[in-house]
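Remarks on the structure that follows.
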Amino acid sequence: MARSKKPDSPSNVVYGDQTIQRGPGGETHQTAEEGYDVLTTQHGMPVGDDQNSLKQGDRGPLLVEDGHFREKIFHFDHERIPERVVHARGYAAHGFFETYDSLSAITKADIFQRKGERTPVFVRFSTVAGSEGSFDLARDVRGFAVKFYTKQGNWDLVGNNIPVFFIQDAIKFPDVIHAVKPEPDKGFPQAQSAHDNFWDFISLTPEAMHMIMWVMSDRAIPRSFRFMQGFGVHTFQLVNAKGEARFVKFHWKPKLGMQSVVWNEAVKINGADPDFHRRDLFNAIQSGDFPEWELCLQVFDQDFADSFDFDVLDPTKLIPEELLPATPVGRMVLDRMPDNFFAETEQVAFMTQNIVPGVEFSNDPLLQGRNFSYLDTQLKRLGSPNFAQLPINAPKCPMHHFQQDGHMAFKNPTGRANYEPNGWGTEAGGPRESKELGFQTVPQEAEGPKVRLRPESFADHYSQARQFFISQDLIEQQHIGDALVFELSKCAFPSIRERMVGHLLNIDEELAQTVADGLGMKALPKAANAARPTKMDLPASDLLSILKNPPESFAGRKLGILITDGTDAKLLAALLAAAAAEGTAVELIAPMVGGVTLSDGTIQPAHHKIDGGPSVLFDAVALLPAEEGILSLLKLPPARDFVSDAYAHYKFVGFTAPAAKLFAKVGLPEDLDKGFIAMDEPADAEELIAACRALRFWDRPDGA
Ligand code: HDD
């Protein structure tokens, strides 16, 4: 064995106003003697050296008695908990729910009793299929899970951004999830439904067709969480103090309106910024631009439910808002990011069975099955029946019970009473049930033999799929067709493609033909056998479309401004002011992140170097190059992509005259369309922002 070498002592280094101590091997020592807290082990022992493990001689071997090393590595080895089996990738924020008016006539839920009362909430948004480290802009359903910390316990409304679901019975949930997740023999594709297993299952599951229309629509590629609707999906019940029950469907509507990206943009965003949705929520909340949703209710009784041919217990159906408006009853504002991602976002445990007096389930078989699943999953993930003691899961109201012990019990009762009834009196005897305040299930009749049967009232799988499709704007219909062609083109088996087109024939013949053409099918297959024929006369519901319900402002969106040396300082200042007045965020892109020298000689730092700030990251862009800066841009491929992508993605583009050279280089038409706004003088800044309120210039025939 080599003998130990005599250590040299490299000298300390000075960084700015800090002197960093160097050890003999050049390692960094920042010590408590310099004013930091003393580093300790988990058991509180002060640590003398956190740079070097304990060795026999300075070149080893390591010694087992090094408790600090052992503890540090042991803890690191156990840092991960199992990711969620679905909805693994998510991002969350704190906020509050504010009740508009008392709803005591329809529910005794405490949260809805007093006008203006605020209840804390924690909301986690997620994708479904991808693993925790997957990208944000997968084509997928988004989870929209809200935990209300009410004065009568936690109420979890665990919903999605789509109001219907793939399946009608929870017993099929493992199948639909296995089918969409990476194929088990290959271990890919990650976070994608575009593969054989998914479409094989779907094409054999007619009840999924309504949901498929939604997940192939722009709803599945939202611009950010802030622009999504949310839905409780199932029919629930509200119960008032008299014990009267009514059905209810829950809707969340974003104040900023709905918005999605286009698919070609989504694919590129995933490469440019896999955390696009996370970053968006984080930046919005940190900058004080708090996202807000209204909670809206569709409340109805049994007679109204009976007026439909479909069953309100069937989670593949919705009630069009044209037939039953969704009434706003409160607003939810997200105004605080978690302090620690793991402690809060990762450890939060949502459970559909967490309801409060005044809210009850319906017999929707999907909901009933979910009520079994979520408790199991939390035990698996969090490892202890005491997961409700974690601060993010603990109710914020008084909590008294006789459950005890178990792994990691850190809120432990004192005194002798751990059962009831007991004779130890109100002082020492612990809590008791309350007939008045406690949860009382509303008595409801149930009848019939025990059967494994899907009710006949669940059998119409195509009518609402068609209704959703015909409710879309023409551009949205085209996107649905494009998405189906894209996904089915990734299926290697022609039989799967044919089965799917067979279903589409029951939804809309033109759509089926478009998809068949896009797949290069020589002939249309036979229409799938339908348990019930499609109702062709359901009217379009405009409220189901994103594009038919545009926002009125460019607020909450982001403008990317490309600048070079010599950019007109006054024009830039005017654009920044116009954006600020609208409530639009701005980021600057330049050939180098250190920035540029503007026309008035000021140095303007940038947020992005051009290849780190592609136009896909912005809702609209402005190119403000000066003559002196344009030549260098022409040589940069990312600058050319910046323009050609903005064009292909229907973006509004503000530009100064020198930018025309870049447009010519990428082959844009000489006659620029009205989505291009010339910016000759500061007054043009407002014109650009006003144009951007339309979000995209769809009239560009050769867009992506
Ligand atoms: Fe689920 C998580 C939403 C059906 C079983 N689900 C989960 C999350 C959301 C939903 C938003 C993530 C919560 C979070 O952010 O932590 N799930 C839905 C909706 C459904 C649905 C809207 C249909 C209407 N789910 C569903 C069924 C089952 C499950 C039918 C099982 C029978 N879901 C789970 C789960 C998860 C879950 C396995 C995984 C992680 C977790 O619960 O906490 O229990």
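The values are calculated or read from the model by the stated rules, or taken from the named source; none is laboratory data. Given the structure is predicted, the values throughout are model-derived calculations rather than measurements. Please note: Cβ atoms are built from the backbone with ideal geometry, for glycine as well, and neighbour counts cover all protein chains shown. Quick note on the areas: whole protein, heavy atoms, side chains included, nothing else; ligands and nucleic acids left out. Shrake-Rupley method; radii C 1.70, N 1.55, O 1.52, S 1.80 Å.
In debye, nearest 20, what is the charge dipole magnitude of segment 457-544 about its Cα centre with +1 on Lys and Arg Cβ and -1 on Asp and Glu Cβ, if you could check?
480 debye
Can you tell me the order of 257-270, 328-341, 46-59 when each peptide is scored by its average per-residue count of other Cβ atoms within 10 angstrom, highest first?
Highest to lowest by the protection proxy: 257-270, 328-341, 46-59.
Using only the Cα atoms of segment 457-544, each taken as one equal point scatterer with no solvent, compute I(q) by the Debye sum, divide by I(0), and report log10 of the ratio at q = 0.13, 0.14, 0.16, 0.24 Å⁻¹.
Results for segment 457-544 at q = 0.13, 0.14, 0.16, 0.24 Å⁻¹ read -0.42, -0.49, -0.63, -1.22.
Among I589, N160, L538, which residue has its Cα positioned farthest towards the positive end of the charge dipole of the chain, with +1 placed on the Cβ of Lys and Arg, -1 on the Cβ of Asp and Glu, and the dipole taken about the Cα centre?
N160
Take every Cα pair under 8 Å in segment 82-389 that's 6+ residues apart, average their separations, divide by the length, and report that relative contact order as a whole percent.
Relative contact order comes out at 24 percent.
Mind checking the per residue accessible area of the chain for me, 1.4 Å probe, whole number of Å²?
Averaged over the residues of the chain, the accessible area is 49 Å².
Do any GluC sites (Glu not before Pro) in segment 362-458 lie in a loop, going by DSSP, with at most 13 other beta-carbon atoms within 10 Å of their beta carbon, and if so which?
E433, E436, E445, E447
How much of the accessible area of the chain, probe 1.4 Å, is carbon plus sulfur, in whole percent?
Whole-percent figure for carbon plus sulfur exposure: 54.
What is the Cα radius of gyration of the chain over 2.2 N^0.38 Å, N being its residue count?
That works out to 1.11 for the chain.
Sorted by mean Cβ packing within 10 Å, highest first, what order do the peptides 19-25, 176-182 take?
176-182, 19-25
Say each of E244 and D66 gets a label point 7 Å from the Cα, pointing the same way as Cα to Cβ; how far apart are those two points in nm?
Placing both labels 7 Å beyond Cα along the Cβ direction yields 7.3 nm.
Return the loop-located chymotrypsin sites (Phe, Trp or Tyr not before Pro) in segment 35-104 (DSSP other than H, G, I, E, B) with at most 16 other Cβ atoms within 10 Å of their own Cβ; answer none if there are none.
Sparse-neighbourhood loop chymotrypsin sites (Phe, Trp or Tyr not before Pro): Y36, Y100.
Quick check: Cα centre of segment 227-247 to Cα centre of segment 583-643, how many Å?
If we compute the Cα centre of each part, the gap is 49 Å.
Treating only the Cβ of Lys, Arg, Asp and Glu as charged (+1, +1, -1, -1), what charge dipole size does the chain show about its Cα centre? Round to the nearest 20 debye.
1440 debye
Could you point to the residue in A528, G271, P61 farthest towards the positive end of the chain's charge dipole, with +1 and -1 charges on the Cβ of Lys/Arg and Asp/Glu respectively?
Working it through, the farthest residue towards the positive pole turns out to be P61.
Please identify the chymotrypsin sites (Phe, Trp or Tyr not before Pro) of segment 616-671 that satisfy two criteria: DSSP loop assignment and at most 14 other Cβ atoms within 10 Å. Which are they?
Loop-located and lightly packed - none at all.
For segment 82-389, what is one quarter of the convex hull surface built on the Cα atoms, given in nm²?
15.9 nm²
Highest mean first, what order results for 559-570, 586-597 on Cβ atoms within 10 Å?
Answer by packing, highest mean first, reads 559-570, 586-597.
Which pairs, out of K317/K490; K242/K435; K255/K548; K268/K661, put more than 23 Å between their alpha-carbon atoms?
K317/K490; K268/K661
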